[in-house]
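**Student:** For reference, the structure I am asking about is given below.
The values are calculated or read from the model by the stated rules, or taken from the named source; none is laboratory data. Given the structure is predicted, the values throughout are model-derived calculations rather than measurements. Glycine gets a Cβ as well: all are built from the backbone with ideal geometry, and neighbour counts include every protein chain shown. Side chains included, ligands, DNA and RNA excluded: accessible areas come from the protein's heavy atoms. Shrake-Rupley method; radii C 1.70, N 1.55, O 1.52, S 1.80 Å.
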Amino acid sequence: MAANEDQEMELEALRSIYEGDLCFRELSPVSFQYRIGENGDPKAFLIEVSWPETYPQTAPVISMDAFFNNTISSAIKRSILDKLMVEVEANLGTAMTYTLFEYAKDNKELFMENQPVNTVTSVSNSIAIGTPDVPASKKKDKKEQLSKTQKRKLADKTDNKGELPRGWNWVDVIKHVSILKLPFFNIKSLKEVVRTVAHFGF
């Protein structure tokens, strides 16, 4: 069979095998990615396999340059790629993309045993949170935001210095006294009430 026919058959097989698998991603008919490990797993990594025109008679291009792998040390990446290339040499001339993905899944713990976990988690935490870890005591309380209407009303109440005028919260004495309808109400007692209100700042 011609190389292109082999590729077409392998492409159909990969699509049927990995249908519905969220770890598998077809970038193009000759390029595929597979995530080894679950989301949130600090030792998860992503393998990309691309087929040259003469694949499977020639080796596929295997890469770990995806952004997903940025937390993995270059020595670990090199080690994984070397071990995958040994598998490529053993399977040269046959469809091997599925074999490479399964080999990586089966040996994930072995591949990632020297990868420090704390480095991965600290980077993923800063990415997930988006802010550096700040103690709760240093966080500032958020001020309540006012709408335009609320700001306008507040500006109308204040003078040019931003201060409220004297007596802005005083009670309308005449209105309250008239509600009471006191029979002994006279001007002298009204003046005393106003003076008392002004003195105590009611």
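**Student:** Which GluC sites (Glu not before Pro) from the stretch 50-95 combine a DSSP loop assignment with at most 11 other Cβ atoms within 10 Å? Spell out each step's value before the answer.
**Tutor:** Values: sites: Glu53, Glu87, Glu89; in loops: Glu53.
For GluC sites (Glu not before Pro) across the stretch 50-95 that sit outside H, G, I, E and B with at most 11 neighbouring Cβ atoms in 10 Å, the list reads Glu53.
**Student:** 7 Å from Cα along Cα→Cβ at both Asn70 and Ala90: what's the point-to-point distance in nm?
**Tutor:** 3.4
**Student:** Just by accessible area at a 1.4 angstrom probe, what is the order of Glu48, Glu192 from largest to smallest? Kindly include the intermediate steps, with their values, before the conclusion.
**Tutor:** Numbers: Glu48 50, Glu192 95 Å².
The residues order as Glu192, Glu48, largest area first.
**Student:** Let me ask another. Quickly rank 60-70, 97-107 as a protection proxy: mean count of other C-beta atoms within 10 Å, highest first. Kindly include the intermediate steps, with their values, before the conclusion.
**Tutor:** Values: 60-70: 14.5, 97-107: 17.9.
Going from most to least packed, we get 97-107, 60-70.
**Student:** Let me ask something else. Shape call for the stretch 15-62 from the C-alpha gyration tensor, a ≥ b ≥ c root eigenvalues: rounded (a/c under 1.5), prolate (a/b greater than b/c) or oblate?
**Tutor:** Note, shape of the stretch 15-62 comes out oblate.
**Student:** Please provide three numbers in whole Å: the alpha-carbon extents of the stretch 1-124 along the principal axes, with the largest listed first.
**Tutor:** 49, 29, 22
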